[in-house]
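Contents: one structure, followed by commentary.
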């Protein structure tokens, strides 16, 4: 009884140490998690429960991700003026940065949003075509599919690399680190399956959106870009959590209890 009580206590400690803490705006704060350094999906994978809002960065994260694209689409449909859509879209990105600066919050996500907006808007302005606003996203998705497929063919799934780098940082050299997690068959299988899920995400976007790009149907293309953005991303992260989380927890139990 005493031994079982100690084990239960240990499980509670591990669980609380790996549970992401949410900031007031709903974003996950990865610092100070019993070992530190766990970030992004690595922290989500170790959570006991899944939060869609935490996965997308809360309402603030949704607005910062969707806002520029939504403003661009709405204004272009309403005015058919590329210049107006471009100026207002970049303006909303600058607003998010200014707001975080005033509130003394971390500006990383807002800056990333501004950079992406600048790339998308730059493609539209240079080509004088609103549909090319979406071209960089297609290129990024296509490159991601190729890279992810290469890692799958090499039996060295990229999702395993990204998660394990923060879950179990390499201490005894990259070769030993890679052999440790890639040699665990259930864990390796989980990372392979989760990587395929991301390949499916990028492929779905390309297959559905690209035909409307060539048809020059901005209304439908822009709407699909929004629908297949944050919502599909959140579902993908959830699916990966379902696949990977049990194996992450199994490994943590093995390291703590030896079984």
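Figures for the structure shown
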quantity	calculated
Residue, farthest from residue 196 (Cα to Cα), within segment 152-165, restricted to residues that are assigned to a helix (DSSP H, G or I) and at pLDDT below 95	165
Residue match in segment 180-195 (condition: in the same structural domain as residue 221 (by TED's automatic domain parsing), assigned to a helix (DSSP H, G or I), out of contact with any strand residue (DSSP E or B) (no Cβ under 6 Å at 6 or more places or on another chain) and more than 16 Å from residue 247 (Cβ to Cβ))	no
Scope segment 34-73; condition under 26 Å from residue 117 (Cβ atoms) and either in a loop (DSSP other than H, G, I, E, B) or at pLDDT below 70 (or both); matching residues	39, 40, 41, 56, 57
Complete set of residues in segment 223-259 that are surrounded by fewer than 15 Cβ atoms within 10 Å (Cβ to Cβ), in contact with a helix residue (DSSP H, G or I) (Cβ under 8 Å, 6 or more places away or on another chain) and not in a helix (DSSP H, G or I)	259
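The values are calculated or read from the model by the stated rules, or taken from the named source; none is laboratory data. If you're wondering where the values come from, they're calculated on a predicted model, not measured in any experiment. Cβ sites come from the backbone with ideal geometry, for glycine too, and all protein chains shown count toward neighbours.
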